[in-house]
Amino acid sequence: MVKIETLKMKKQFAVTDNYDVVLSTCSGGKDSFVSSFLASHFVDPEKLYILYYSSPWDFPGTRELVEKFCVERGLNLIVTAPNVDINKFCVSYGPPNQRSRWCIWKIKADPTRKVLAKFPDKKILFVDGNTREESYQRRNIPLFETKRFNDRDVLHPIFDWSEKRVWTVIRSFCLPIHSVYRWSNRLSCFCCPLQTDSAWLSLRRFHPDLFEQALKLERECGKPFRRGYQFLKDLEAPQIKTGLREPRKMSLRFDRRRLSLLTSCNFEGLE
Ligand code: SF4
């Protein structure tokens, strides 16, 4: 059993005493479940809220997984929704890309303003599940940032954690595991235009219905959904050129260490 009640962790969360409201963002992915679990352990439950950004691009079952996590632990939950119809906006504006990640504004930043308006005159802190490993650009940021998100302070309690440690905590404390982790090591929007070709191939293999939805959206947009301005409908051809192969059995996508961590886990969410 891994220990979470460490002096370092207590010190990190001591900062939450200075705030009236703590919003812990939870996407239903492994990292944010761990950071929200830590928040539920260290933060006064009266002022803690789990914040889930719902969108039509979520994998089915994700919201239910977050709701179950909150109900089981008696946590306050806030579910947001985009202010606009994401699919219609995508058709008129074009899919997000490396230069224009409008999806983050529409799915997260704009709805956050509405949430902040619910707590006028309150001092608000965000807690997130960002890790150093997942972002090269943000590898040097501090664990605590002031005025980082919507002009509010943010605590990144697991920023220095390895993926192994995250999985160990998930298994030790029986935290939910989204079924997407059977075949992928991250949970994003199912039609995220920034995902790799390999991730698209996995989506096509394991969730052909969702892949079909992404194809439909691409057709309606008339603009390519894949990185490098490539069409999703042409996924077959580059696959041969670049040597990308269809993903094999799900478990083979995990290395041995991760597989041993996951063997006894119960996956939830979309089947
Ligand atoms: S996962 Fe992709 S599509 Fe979804 S908000 Fe992030 S960048 Fe945008």
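A short reminder: the numbers here are calculations on the coordinates, not readings from a lab. As the structure is a prediction and not an experimental result, all values here were calculated from the model. Positions of Cβ are backbone-derived with ideal geometry, glycine not excepted, and every protein chain shown enters the neighbour counts.
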Using the Cα atoms of the chain, I'd like the radius of gyration and the largest Cα-Cα distance, Dmax, both in angstrom.
19.1, 57
I want the local charge near Glu145. Using Cβ-Cβ distances under 11 Å, sum +1 for each Lys or Arg and -1 for each Asp or Glu among the other residues.
+2
The summed charge of the Val91 Cβ neighbourhood (under 15 Å; Lys/Arg +1, Asp/Glu -1) stands at +2
Region 1-41: trypsin sites (Lys or Arg not before Pro) in DSSP coil with no more than 16 other Cβ atoms inside 10 Å:
Lys3
Would you calculate a helix-derived [θ] at 222 nm for the chain, using -39,500 (n - 2.57) for each DSSP H run of n ≥ 4 and dividing by the full residue count, to the nearest 500?
-10500 deg cm²/dmol
Between region 14-75 and region 136-189, the Cα center-to-center distance that results, in Å:
12 Å
Please give the charge dipole size of region 20-165, origin at the Cα centre, charges +1 on K and R Cβ atoms and -1 on D and E Cβ atoms. Round to the nearest 20 debye.
400 debye
Is region 20-165 rounded, prolate or oblate when judged by the Cα gyration tensor, a ≥ b ≥ c being the square roots of its eigenvalues, rounded requiring a/c under 1.5 and prolate requiring a/b larger than b/c?
rounded
Starting from the Cα of Lys8, draw a straight line to each of the lysines and keep only those under 30 Å, dropping any in the same chain fewer than 8 residues away.
Lys30, Lys47, Lys68, Lys108, Lys122, Lys123, Lys147, Lys164
